[in-house]
Amino acid sequence: MKRLSVLPQQCLLLMTCLLMALEAVPIDIDKTKVKAEGHVEGEKVENPDTGLYYDEYLRQVIDVLETDKHFREKLQTADIEEIKSGKLSRELDLVSHHVRTRLDELKRQEVARLRMLIKAKMDSLQDTGIDHQALLKQFEHLNHQNPDTFESKDLDMLIKAATSDLENYDKTRHEEFKKYEMMKEHERREYLKTLDEEKRKREESKFEEMKKKHGDHPKVHHPGSKDQLKEVWEEADGLDPNEFDPKTFFKLHDVNNDGFLDEQELEALFTKELEKVYDPKNEEDDMVEMEEERLRMREHVMNEVDTNKDRLVTLEEFLRATEKKEFLEPDSWETLDQQQLFTEDELKEFENQISQQEDELRKKAEELQKQKEELQRQHDQLQAQKQELQQVVKQMEQKKLQQGNPPAGPGGELKIQPPAEHKAGDAPKHPAGGDQPLPPGHVQEPAVRTDQVHP
């Protein structure tokens, strides 16, 4: 499971925390008692990755909108329903020309990026004739039918897509964790099948012993209760437990001083509780389970405290929660080891899915093996034909040599030998002084001496 320790900021968190310049309620704190370093004025606090494939595009749009004074003021007065309904998006028509131009550029870059990703994906499948417009329909965070300009519809689609995707993020993580646990149990049972009876009993005994050891831990306080927060106040903040004050606690743990406790800031409050149950040095403690437990704690507190369901806890919501009976007298908290994470029927169905996947992979492997064997057969056939051709050429050359014909070169060309020089007395000279022999019956006349010519 990836990025279990880094939770995504909700779209509304990004839209509010980065755009709204809200000041937290001033609280008097004795800084000499606080061990943690305070937030530096003007220091930029980077938000964690949302986990969305368009995370960078989302951040860039928000950064650009933040520069427009009109839009910033409208956002400060807008409630959560106006943001979700798209009413705020219509204010985009009133932003400055410079902002609109920059947003247009960002959208064109995002469309180009998506098209490049799609093409790379299709090329990997060796496909052709890519219909970018059809493929872009799967990306719902922008209006792909207008790839050149950023309109109010684009902002509306971006907010709705990010909100929906991030709301389903936790659900997806829970499903992945459940599959992880079922896979662990499946592999354990499959391993037991490979052992004889005596070894199997030892493994079962060891498993039960580790399970019992893991469950033997100190009491875990109910997340978000007074006892749990006081423990953080005392052990993490180093403050006197008798002086616990909810306002001061909120200010201390609002790390980025934006007036909210977001998901990451809430999860940080549960570290002390999780350390009671999980130790990375212990074989019986699974750190993947620890992150699932952290997620469960955060979700529980959000459900209890976040009354407007914007995935952010304000000071007002936090103080209101401390007045409830559940804050002072909470129920006991059941950790993962006290719960049944899946049923036998669910495990059986999961194993059937694994079996089907294995069958499909086996069929693909067999098909690939057949293709490999066929390619090898064709290769061997071509090699045999090549050897036969080489043998025929060799035989033809030998036959030519036997018939007195000059041998052929490697390319089939004739190898012409230069004529040998005649030795003295081998053949009479041509009467004209040439090297050609005289015709049959021709008598060569004696040469006339010029010194004996009569006048």
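Please treat every number below as a calculation from the coordinates, not as lab data. Everything numeric here is computed off the predicted structure, so don't read it as measured data. For neighbour counting, all protein chains shown are included, and Cβ atoms are generated from backbone atoms with ideal geometry for every residue, glycine included.
See the values below:
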{"item": "Relative contact order (%) - criterion: Cα under 8 Å, at least six apart; region: segment 288-398", "result": "14 percent"}
{"item": "Across Lys171/Lys276; Lys226/Lys272; Lys178/Lys213; Lys230/Lys325; Lys272/Lys325, pairs whose alpha-carbon gap is larger than 18 Å", "result": "Lys171/Lys276; Lys178/Lys213; Lys272/Lys325"}
{"item": "Two-site FRET efficiency, His70 against Ser164, from Cβ-Cβ distance with R₀ of 30 Å, rounded to 0.05", "result": "0.65"}
{"item": "Cross-link pairs beyond the 30 Å C-alpha cut-off, checked among Lys372/Lys399; Lys184/Lys363; Lys247/Lys281", "result": "Lys372/Lys399; Lys247/Lys281"}
{"item": "Alpha-carbon spread of segment 195-342, three principal axes, descending order, Å", "result": "62, 33, 29"}
{"item": "Förster radius 51 Å - calculated FRET efficiency between Glu351 and Gln385 (Cβ-Cβ, nearest 0.05)", "result": "0.50"}
{"item": "Highest to lowest packing among 206-216, 154-164, scored as the average C-beta count within 10 Å", "result": "154-164, 206-216"}
